[in-house]
Amino acid sequence: VSAPERNELAARLLAGERAALAKAITLTESSRPEHRDQANELLDEVLEATGHSQRIGISGTPGVGKSTFIEAFGLNLLSQGRRVAVLAVDPSSQTTGGSILGDKTRMLELNRSDRAFIRPSPSRGRLGGVTVRSRDAVLLCEAAGYDTVLVETVGVGQSETAVAQVTDLFLLLIGPGGGDDLQGIKRGVMELADLIVVNKADGARVAEAQQTADSYRNALHLVRPKWDAPTEVMTCSALDTASVSAVSTQVLGTWERLANNQSIERLRSLQAEKAMTAAINEMVLATLHGRPGYAEAVADLQLQVSGGRQSASSAAAELTRQFLSP
Ligand SMILES: Nc1nc2c(ncn2[C@@H]2O[C@H](COP(=O)(O)OP(=O)(O)OP(=O)(O)O)[C@@H](O)[C@H]2O)c(=O)[nH]1
Ligand SMILES: [Mg+2]
């Protein structure tokens, strides 16, 4: 897009036009450097209109009910007069992308509202890249006037960290049952969570869900609280709107409290600094890969290194000297 086109795109974005938002996000996701440059200019142009939303990360293992929960949560937020954006981050399934593709059809009711925006994010398989791009997408949603941005990821370990880096609060969904071994959820992921929701607490599984919630409450005694209060554990069912509404109240209440004592502001400043570092790393790598002869030189040196004829650090130093020096 040309400069006047970009200005027009910025204007439409700021006016809250969904097609403009979708187009802007596509620009940030492009692998073409000129698109990235345009996206960066666009971001700077609308940056003043960002920052006002609640940024909420939602994660959980496949099938735990993330998409269903997000639709119910999203509808609750809409009923409060809010505008809701849903972004999906999927660094794991770069070949299939199945779960995310299904989401627009799964979140049917949410998708129907003109105050909701659902973006199934393409995956790139590179976590650093995912963080930078997701961050840009969150900012663009805010510029378009969405006042809650939900960022969904499937729990595969590292993707949670990526999502936690672009959101204010992080919800971990877990299934009822298997509370004793804590469902193999890694301690690091529990430490990221601001709220643990034991999902599918309905029908015959209500008691089981309560027990699971209790085991998590106990386990959380061993985890250092992220904020000034211990991490909450709640049960919830997408079939029970009252329970979804209770989670929503808890999330928004926590956000409000952390915003009032400047915790959100501090967190976001740190995130922005880290994002810059991640973007630099990404750009340096991209620059290296774009240099003629780089791939061949890496292949040659890899043989030296794997054959024990040169140390990894000396090979890396040689490469960067050769391809990055002015
Ligand atoms: N009983 C019950 N079933 C639920 C609930 N939430 C989701 N389900 C069911 O659980 C299955 C998985 O739900 P999804 O929302 O697709 O789960 P997901 O975590 O998004 O799954 P992936 O995207 O594949 O990782 C579906 O069959 C849902 O109907 C709930 O609160 N109660
Ligand atoms: Mg899903």
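When every Cα-Cα distance of the chain is counted in 10 angstrom steps from zero, the calculated P(r) takes the values 5, 24, 31, 22, 12, 5, 0 percent. Heavy atoms of the protein chains alone define the surface here; on that basis the chain has 48 Å² accessible area per residue at 1.4 Å probe size. Entry note, segment 181-308: relative contact order of 20 percent, from Cα contacts under 8 Å with a spacing of 6+ residues. For segment 248-326, the dipole from Cβ point charges (+1 on Lys and Arg, -1 on Asp and Glu) about the Cα centre works out to 160 debye, to the nearest 20. Computed from Cα atoms, the angle from the helix 66-79 axis to the main principal axis of the chain rounds to 70 degrees. Just the protein heavy atoms count here, and of the accessible area of segment 24-68 at 1.4 Å, carbon and sulfur take up 50 percent. Ranking Pro225, Gly81, Gln310 by Cα position along the charge dipole of the chain, where only Lys, Arg, Asp and Glu carry charges on their C-beta atoms, puts Gln310 farthest toward the positive end.
Adding -39500 (n - 2.57) for every DSSP H run of four residues or longer, then dividing by how many residues the chain holds, sets the calculated 222 nm ellipticity at -17500 deg cm²/dmol.
As a length-normalised measure over Cα pairs under 8 Å and 6 or more apart, the relative contact order of the chain settles at 18 percent.
I'd like the carbon and sulfur percentage of the solvent accessible area for segment 180-326, probe radius 1.4 Å, heavy atoms only, ligands and nucleic acids excluded. Walk me through the numbers on the way to the answer.
Numbers: 5060 of 8910 Å².
Roughly 57 percent of what the probe reaches on segment 180-326 is carbon or sulfur.
May I ask for the angle, rounded to the nearest 10°, between helix 3-14 and the longest principal axis of the chain, with both axes built from Cα atoms and the value confined to 0 to 90°? For helix 3-14, the angle is close to 10 degrees.
Could you work out the longest stretch of the chain that avoids the trypsin sites (Lys or Arg not before Pro) located in DSSP loops with at most 13 other Cβ atoms within 10 Å?
Result, exposed sites excluded: 1-185.
Across segment 219-235, rounded Karplus estimates of 3J(HN,Hα) from the backbone phi angles (6.51 cos²θ - 1.76 cosθ + 1.60, θ = phi - 60°) give 4, 5, 4, 8, 9, 5, x, 6, 10, 7, 10, x, 5, 7, 10, 10, 9 Hz, Gly and Pro being marked x. Computed about the Cα centre, the dipole magnitude for the chain is approximately 300 debye when only Lys and Arg (+1) and Asp and Glu (-1) carry charge, each at its Cβ.
So what's the net charge close to Trp227: Lys and Arg +1, Asp and Glu -1, counting the other residues with Cβ under 14 Å from its Cβ? Cβ neighbours under 14 Å give a net charge of -3.
The values are calculated or read from the model by the stated rules, or taken from the named source; none is laboratory data. Please read these numbers as outputs of a predicted model, since none were measured by experiment. Every residue, glycine as well, gets a Cβ built from its backbone with ideal geometry; the counts of neighbours run over all protein chains shown. Accessible surface is based on the protein model in full, side chains and every heavy atom, while ligands, DNA and RNA are left aside. Shrake-Rupley method; radii C 1.70, N 1.55, O 1.52, S 1.80 Å.
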